[in-house]
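A short worksheet on the structure shown next.
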Amino acid sequence: MTSEFDIEIQACNSLLSPWQFHQLCQTVCRKTGQQNLYFGRFPRSILTVHPKINPAVLQRFFDDLAEYVRHHNQPKARFHLVTDRGQIEIQVCYIGSGAIGKVVRLQVNGDTPLAFKVFFDPDFVWPHGPWGEIPVGIYLKASGVTRDITEFFAAGLTWSIVEWIDEDTHPHKRRGIDYAVFARRKNLTPLNPLNISNYNRYGMRVDLGGIQTNTFGRRWRDGFYTVWFYTRKIRREGWRSMAPYFSPQALHYALQRLGYLLSSSIVGLHDRLKKQNSTSRQ
């Protein structure tokens, strides 16, 4: 691996785990001396405004924008990116925050909106955050999985730009493969239907986090990394940072999620035992 382009080619052909993706990126950074890597391509709503603007200028701008969004509670602003090759006006509107990051809506020269996500703990390697979401976005887009899930456009290692999915976006009006069909074919994890904030009213998935290959023991590993992630969060921000997760809504979701995981595990174990029994009879 000598560049992010080589990593992206590999990510298009197979779903890289967060740990594989992180290791490849670290290798390229050591070889090249780069401190940041960039993936994907900026959407047409940006490139068609002033196609002569150097993508490297846009990448540095979004690095700076990520810092602005990270350090403002509810960012709302208008920026003008001025270069010798043209000017772009970008409006920023706060949408929401979670444990993983903060999302704002971008509108470039009043054109089609985009979702801009800034990651709170980009150094932590797990299926949520940049090391998980970027390879998922690259792989799903390259595979044509865009019917019922947001389309990935571009990313640095602290931010990502994806398609903006509003409440009226309907999967039946879109092209591409359904995620569930592709997931069964490639043995990927099913989407979590309980976290309704990740979907619009027609079931369109607006977030790429948590998707991975459905390997044996995955849930135990995910549980370990989840505990580790929140332990880091408490050490960094204190116990008050956990207050939103003890609200009635959050506790209700946690109980639903626990029930869903237990039932899924029981069904999975039953299916494996049934398969083993049928094999032994043969």
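Since every read-out is calculated from the coordinates, none of them should be taken as a lab result. In this text the structure is predicted, and so the values were computed from the model without any measurement. Reconstructed Cβ throughout: ideal geometry from the backbone, glycine too, with neighbour counts over all protein chains shown.
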Would you tally the net charge around Thr146, using a Cβ to Cβ cut-off of less than 14 Å, leaving Thr146 out, and scoring K and R as +1, D and E as -1?
+2
Formal net charge of residues neighbouring Lys31 (Cβ-Cβ distance under 14 Å; K, R +1; D, E -1)
-1
Rounded, prolate or oblate for the chain? Axes are the square roots of the Cα gyration tensor eigenvalues, ordered a ≥ b ≥ c, and the cut-off for rounded is a/c under 1.5.
prolate
If Lys141, Lys173 are placed from fewest to most neighbouring beta carbons inside 10 Å, the sequence is Lys173, Lys141
Let me have the 222 nm mean residue ellipticity of the chain computed from DSSP H runs of 4+ only, each contributing -39500 (n - 2.57), with the sum over all residues rounded to the nearest 500.
-14000 deg cm²/dmol
In what order do Tyr199, Tyr139 fall by count of nearby beta-carbon atoms within 10 Å, going from fewest to most?
Tyr199, Tyr139
Give me the net charge of Gln10's neighbourhood, meaning all other residues with Cβ under 15 Å from the Cβ of Gln10; Lys, Arg count +1, Asp, Glu -1.
-2
If you find the alpha carbon centre of segment 154-192 and of segment 30-94, how far apart are they in angstrom?
23
tail above 14 Å in the computed P(r) of segment 118-158, as % of all Cα-Cα pairs, reads 46
Provide Tyr38, Tyr94 in ascending order of the number of other Cβ atoms located within 10 Å of each residue's Cβ, fewest first.
Tyr94, Tyr38
